[in-house]
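The block underneath contains the structure these notes are about, expressed in structure tokens.
The values are calculated or read from the model by the stated rules, or taken from the named source; none is laboratory data. Not measured: the values here are computed from a predicted model. Cβ atoms come from the backbone with ideal geometry, glycine included; neighbour counts cover every protein chain shown.
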Amino acid sequence: MKKKIISTILAVAMTTSLLAGCGSSASTPAQDTSAVADTDAEVEAKADTNANAAESTADSTESTDAVEAETSEPITIKFWNGFTGSDGDQLVELVDRFNSENEYGITVDMDITSSLDEELSSAFAAGEGPALLLSSSAYRFTYGQYMQDISDIFDKTGLDKSDFIQSYLDYCSEDDSLYLVPFQIVSFYLYWNKDLFEAAGLDPEKGPTTWDEYLEYAKKITDSSKNVYGSGLCYGYNYQMAHTIQRFGGLAVTKDSSGKWQANFDSNSGYADFVNTYKQLVDAGDNPLTDDTDSMMTAGQLGMTINGPWLTGGMDTAGINYGISTIPTGAAGNMNSCEVLGFSVTTVASDAEKLAAYRFIEWWNTMDANGTCPALEWSVTNGYPAYMKSLMETDAYKSNEKVMSMTNTDTSAPSDFIVDASFPGINAIINDVLPQLVQPVLFDETKAETALGECQKLADDIVAQYNN
Amino acid sequence: MQVRGGCCLPSNIKTGAVMNNNVMDKGNIIYRIRKYLRSAEGSAYYFILPSIVLLIIFSIIPLIVSFYMAFFNANMTLDQVSFAGLDNFKQAFSDKRFLNSLKVTLIFTALEVPIQVLGAMAIAALISKNTYTNKLFRAIYFLPVICSATSIGIMWKMILHSNVGFFTYALQSMGLGKINFFNDTHLTIFVVAFISIWRSFGISAIVYVTAIQNVNNSLYEAAEMDGANKLEQFIHVTAPSIRPTFWYILMTRLAGSLQIFDIIFMTTDGGPNYTTESTVTYIYSRAFSSSASMGYASTMSVILFVIIMTVTVVLYRRMNAEEA
């Protein structure tokens, strides 16, 4: 009997503790959010009481907040991202360095996962998850309600907002709210095989700058007897298609004069021009009809292709002698067709965790005494263009041929990727609409105009979801 | 019975008697359950309990939830949920891609199942005797079964790549022309079906081998005495004797083919031009890849579930009728 009583008590205790655990985790975001709101209100109130010295008061209040949070006990923040590749090793190394170097007692507990989406969705649904997240800015369309406005990071840290390229900040913003601080600019570039250029009698140091040149070079390079193709466009690579299509016909979804989203497929002569050009290349035998051009480029069978910086790893390993440049400008004019990956602070983060996350982001983007910083190291090591003007001015950056060839020196060029940067349905446009533009033309002999009409209907349905 | 008969007893005594009887009944039931669970037969439940728990958590509950979600519009994090009624079902039956995916799935099933069911039976008949060579072949046939779909997909992509594939190159060297295995709208579905058959052929063959080995040897001896050759023995003795196994493999392969996903996801991702996009591949893309429409994806899952269940029930009844 005694045993039964003891086991009953233990079972009740365990159940209670489980329920308590659930309760606290579920209520944390709400409590934390209110805590943040209180702090902001206090700051505003203090600033209002001394209007004549608003700036200095705000500064001192912020620094007081910071000191309050930072003089408290050491803090650990969860940091999730999906960098499972070799660059993940560098990320681990840099995070370890921050953990050992920082003076605030902050420990960044990083979790790199290949299923970030699935883990985030279940964690957020349970009121849990990381305080700091590293993801594509497109995540704000899926997890926007779990991301905090971090536009005050420039006030609460030493980061200089004007040093960041504005179009990248705009990419991560919604109205006046900033949801991500840029971490990596992911764009696609034109890669060419210098040896094949030379063999075709072309200047191996100069890639095509226009699409007419691209077609001309492709024809010269193609050698069917050696299984060599001049052009490497790939219908199965939706992102490559998106980056290229954008050069021809601009953005697929924009806002109309009334502020509503509109799809721009029907009668888009630039898009029609692209699919016809692609078909022409395939029919002429200058472009393989394949869903995998990476293998061919690393095998030395492609003269030119369009891809992300990750292609260079494979080409380096294979010993390909290659050049890089930005994608030739088409009818749509100068632009950065890119995605911006960035740091965001989630609603799971408490006030102190938010500040700790700010400190990590500040450390990442701040030059040390040796004139370097993690952002610069990341950029030159992994081959991603800089998002801060000061990084572009460093010798390490300037001397890196690869990143320099990827850099659009016109920092005023707009940054959007296939749709207006704030259109939430970007994934549906890329994955569901663009393939229906390209593939029917390539495989079913469908006219470009017909395909565009079908795409307009599909895109209209997608756009309508966000106009309601 | 005593209580029912005691109509003249005071009501309080009657009630007390009923209560006592109920308590006794309950006590008896609990006692019987305990006794049963302590018996050799009942203790089997302890062994299957972990499987039952996992089945409930990972199959039964998700199944019920997906049925429920089919009537809602829901995003991935399930925090924006609105009642959709039958709208998702209406949308599915007017969705060209969904209807196309059903067609692709049926074509794939029609290609894979007969070859799996009949081909594996023929192969099993050849390797059913326990010789060293046959054991080696069984191991070879079974090898792809234990490989992951990811490895298999990557391997075949490399072998059959349209330009840098080993097999493609070999065919070209032999003067057979350049075959674009993964980028031909008429050919690729056959390639995917072949890879899928290659992958799961071994398990069907091994099941058949076990069934063939259990056929009474005296039947073969009698057939031999009647002058039947090996082929006739197979047709008239082996095939009828392993009919339950045939129905079992037919049923499981049919259900498996209708759910084909991994091989397609790893090799073609539904291309070219959606000619290999199976229903599950499309459901996955709706749920996770682009619009994260969990409600709509659940609706399509329910439709597929109904199709598979109908096919399975029909075959199961047929199988039971055969056995009876």
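Go through (1) away from chain B (no Cβ under 14 Å); (2) buried (at least 24 other Cβ atoms within 10 Å of the Cβ); (3) not in a strand (DSSP E or B) and name the single condition residue A:241 misses.
That leaves (1) as the condition not met.
I'd like to know if region A:368-386 contains one or more residues that are more than 23 Å from residue A:135 (Cα to Cα) and touching a strand residue (DSSP E or B) at 6+ places or on another chain (Cβ under 6 Å).
no
Could you please let me know if residue A:386 is away from every other protein chain (no Cβ under 14 Å), buried (at least 22 other Cβ atoms within 10 Å of the Cβ) and touching a Cys at 6+ places or on another chain (Cβ under 9 Å)?
no
Which numbered condition in (1) buried (at least 22 other Cβ atoms within 10 Å of the Cβ); (2) within 14 Å of chain B (Cβ to nearest Cβ); (3) of a type outside the set (Ser, Thr, Tyr) is the only one that residue A:236 fails?
The one condition residue A:236 does not meet is (1).
Considering each of B:241, B:200 in turn, give the residue that is surrounded by fewer than 19 Cβ atoms within 10 Å (Cβ to Cβ), within 29 Å of residue B:319 (Cα to Cα) and either modelled with pLDDT of 95 or more or of a type in the set (Gly, Ala, Ser) (or both).
Among B:241, B:200, only B:241 is surrounded by fewer than 19 Cβ atoms within 10 Å (Cβ to Cβ), within 29 Å of residue B:319 (Cα to Cα) and either modelled with pLDDT of 95 or more or of a type in the set (Gly, Ala, Ser) (or both).
Just give me the residues in region B:62-87 being within 14 Å of chain A (Cβ to nearest Cβ) and under 23 Å from residue B:258 (Cα atoms), in sequence order.
Of everything in region B:62-87, those that are within 14 Å of chain A (Cβ to nearest Cβ) and under 23 Å from residue B:258 (Cα atoms) turn out to be B:62, B:65, B:69.
From the list A:159, A:190, exactly one residue is more than 17 Å from the chain's Cα centre (by Cα), within 24 Å of residue A:414 (Cβ to Cβ) and in a loop (DSSP other than H, G, I, E, B). Which is it?
A:159
For region A:428-452, which positions are within 9 Å of another protein chain (Cβ to nearest Cβ), of a type outside the set (Val, Ile, Thr) and either without any contact (Cβ under 8 Å) to a residue 24 or more places away in the chain or crowded, with 20+ Cβ neighbours inside 10 Å (or both)?
A:428, A:432, A:435, A:436, A:439, A:440, A:442, A:443, A:444
So that you can scan it fast, the table gives a plain yes or no per residue for (1) of a type in the set (Gly, Ala, Ser); (2) in contact (Cβ under 8 Å) with a residue 60 or more places away in the chain; (3) surrounded by 17 or more Cβ atoms within 10 Å (Cβ to Cβ):
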{"site": "A:283", "(1), (2), (3)": "no, no, no"}
{"site": "A:293", "(1), (2), (3)": "no, yes, yes"}
{"site": "A:300", "(1), (2), (3)": "yes, yes, yes"}
{"site": "A:322", "(1), (2), (3)": "no, yes, yes"}
{"site": "A:329", "(1), (2), (3)": "no, yes, no"}
{"site": "A:344", "(1), (2), (3)": "yes, yes, yes"}
{"site": "A:366", "(1), (2), (3)": "no, yes, no"}
{"site": "A:372", "(1), (2), (3)": "no, no, no"}
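Out of A:86, A:63, A:137, A:121, which single residue is modelled with pLDDT under 95, on the phi < 0 side of the Ramachandran plot and within 14 Å of another protein chain (Cβ to nearest Cβ)?
Going through A:86, A:63, A:137, A:121 in turn, the sole match is A:121.
Suppose we filter A:124, A:164, A:154, A:197 for residues that are among the aromatic types (Phe, Trp, Tyr) and under 17 Å from the mean Cα position of the chain (by Cα); which single one remains?
Exactly one residue qualifies, and that residue is A:164.
Output the residues belonging to region B:69-81 that are over 10 Å from residue B:296 (Cα atoms) and either touching a residue at least 60 places away in the same chain (Cβ under 8 Å) or in contact with a strand residue (DSSP E or B) (Cβ under 9 Å, 6 or more places away or on another chain) (or both).
Within region B:69-81, B:76, B:78, B:80, B:81 meet the criteria.
Please specify each residue of region B:214-239 satisfying the condition of being closer than 16 Å to residue B:122 by Cβ and more than 24 Å from the chain's Cα centre (by Cα).
Those that are closer than 16 Å to residue B:122 by Cβ and more than 24 Å from the chain's Cα centre (by Cα): B:215, B:229, B:230, B:231, B:232, B:233, B:234, B:235, B:236, B:237, B:238.
All but one of (1) within 14 Å of chain B (Cβ to nearest Cβ); (2) in a loop (DSSP other than H, G, I, E, B); (3) buried (at least 17 other Cβ atoms within 10 Å of the Cβ) hold for residue A:114; which doesn't?
Looking at each condition in turn, residue A:114 falls short on (3).
Suppose we keep only residues that are in contact (Cβ under 8 Å) with a residue 60 or more places away in the chain and more than 12 Å from chain A (Cβ to nearest Cβ) within region B:154-190. Which one would you say is farthest from residue A:440 (Cα to Cα)?
My answer is B:156.
Which residues, counting only those in region A:290-333, are under 21 Å from the mean Cα position of the chain (by Cα), closer than 19 Å to residue B:158 by Cβ and among the aliphatic types (A, V, I, L, M)?
If the condition is that a residue be under 21 Å from the mean Cα position of the chain (by Cα), closer than 19 Å to residue B:158 by Cβ and among the aliphatic types (A, V, I, L, M), then A:311 is the only one that fits.
Looking at B:132, B:208, which one is surrounded by 20 or more Cβ atoms within 10 Å (Cβ to Cβ), assigned by TED's automatic domain parsing to the domain that holds residue B:273 and over 21 Å from residue A:288 (Cα atoms)?
B:208
Taking residue B:253 as meeting all but one of (1) buried (at least 19 other Cβ atoms within 10 Å of the Cβ); (2) away from chain A (no Cβ under 14 Å); (3) under 23 Å from residue B:181 (Cβ atoms), write down the number of the exception.
Result: residue B:253 fails condition (3) only.
Identify, by number, the condition in (1) farther than 19 Å from residue A:325 by Cβ; (2) in a helix (DSSP H, G or I); (3) away from every other protein chain (no Cβ under 11 Å) that residue A:296 doesn't meet.
Tallying (1) farther than 19 Å from residue A:325 by Cβ; (2) in a helix (DSSP H, G or I); (3) away from every other protein chain (no Cβ under 11 Å), residue A:296 fails exactly one: (3).
Which ones in region A:119-144 are of a type outside the set (A, V, I, L, M), over 24 Å from residue A:415 (Cα atoms) and in a helix (DSSP H, G or I)?
A:119, A:121, A:122, A:124
How many residues, within region B:47-69, are under 16 Å from residue B:303 (Cβ atoms) and under 18 Å from the mean Cα position of the chain (by Cα)?
Counting residues in region B:47-69 that are under 16 Å from residue B:303 (Cβ atoms) and under 18 Å from the mean Cα position of the chain (by Cα) gives 1.
Sort through A:207, A:201 and tell me the only one that's touching a Gly at 6+ places or on another chain (Cβ under 6 Å) and either surrounded by fewer than 16 Cβ atoms within 10 Å (Cβ to Cβ) or assigned to a loop (DSSP other than H, G, I, E, B) (or both).
So the residue among A:207, A:201 that is touching a Gly at 6+ places or on another chain (Cβ under 6 Å) and either surrounded by fewer than 16 Cβ atoms within 10 Å (Cβ to Cβ) or assigned to a loop (DSSP other than H, G, I, E, B) (or both) is A:207.
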